[in-house]
1. What is the extension gain from residue 145 to residue 87, computed as 0.36 nm multiplied by their sequence separation minus the C-alpha to C-alpha distance, in nm to one decimal?
2. May I ask you to derive the relative contact order of the chain, considering only C-alpha pairs under 8 Å and at least 6 residues apart, and to give it as an integer percent?
3. How do 122-135, 26-39 rank on mean C-beta neighbours within 10 Å, highest first?
4. Using the reciprocal of the averaged 1/r over all distinct C-alpha pairs, how large is the Kirkwood radius of the stretch 77-190 in Å?
5. Among residues other than residue 50 whose Cβ falls under 12 Å from its Cβ, what is the net charge (Lys/Arg +1, Asp/Glu -1)?
6. Which GluC sites (Glu not before Pro) in the stretch 1-93 pass both tests, a DSSP loop state and at most 14 other beta-carbon atoms within 10 Å?
7. Please label the shape of the stretch 2-171 as rounded, prolate or oblate, based on the square roots a ≥ b ≥ c of the eigenvalues of the alpha-carbon gyration tensor (a/c under 1.5 means rounded; beyond that, a/b larger than b/c means prolate, else oblate).
8. Tell me which aspartates and glutamates have Cα within less than 15 Å of residue 148's Cα, excluding those fewer than 8 residues away on the same chain?
Amino acid sequence: MPDDIFSRILGLKEKTDRATVENEYYLKRADLDDAIVTSNARLEQIYSSIFLEIERDMNARLKSFNTVVYGAQRNSSELRIRSANSYTFSSPDDTGTGKSFAGLIGFDLGMLALTRLPYIIHDSVIYKNIEVAATRRILRILSATKKKQIFLAFDEAKKFGSQTEVLIQRFTVLKLSHADLLYQRDWRTK
């Protein structure tokens, strides 16, 4: 009989010890869950702060660009960052193709100025729908960029006037035409 009581006491002790360990693990898990929630909230605040700073800096660049290109009376493009996975870039109250492309150029120039990005590349198709006067001003902005590079494919320089032609010629590194091909074979022919 004493062995039976001793066995029962030992069994109860093992159950109690196991319950104590499980309870400790539960409390540690609850503490970790709380720490995760707190850390995620802090991380979200940090992200929000960073996104607001990026948004503010980029929108200031876009506004400055727009003022030079179109004047202060026209709305500039805007970047709105909602989260790490969601943003909008638009030209409020002016959704025309030319204004949208000009806004894209302003965005690229903002990225060039605000980041370590060493260069941007623009194809001539971007400039085709932008007003002639606005394109002239954009080209002057591009020509004023000193510390980084801008590669620009540009057609129809005559359309933009002699001053613009001179500006483009001054910065031209490579000029291609139907007679002066980059490759020996014309890729447009069959």
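A short reminder: the numbers here are calculations on the coordinates, not readings from a lab. A quick note: this is a predicted structure, and the numbers were derived from the prediction, not measured. FYI the Cβ positions are ideal-geometry reconstructions off the backbone, even for glycines, and counts take in every protein chain you see.
1. Values: separation 58, 0.36 × 58 = 20.88 nm, distance 2.74 nm.
Extra length from residue 145 to residue 87 when fully extended: 18.1 nm.
2. On the way: 144 pairs, mean separation 24.9, N = 190.
It comes to 13 percent, rounded to a whole number.
3. Values: 122-135: 16.2, 26-39: 10.0.
The packing order, highest mean first, is 122-135, 26-39.
4. Numbers: mean 1/r = 0.0622 Å⁻¹.
The answer is 16.1 Å.
5. Numbers: positive: 56; negative: 44, 53, 55, 57.
Around residue 50, the charge tally is -3.
6. Working: sites: 14, 22, 24, 44, 53, 55, 78; in loops: none.
Here no GluC sites (Glu not before Pro) fit, given the DSSP loop and packing criteria.
7. Working: a/c = 5.40, a/b = 4.19, b/c = 1.29.
Prolate.
8. Hits, sequence-local ones excluded: 108.
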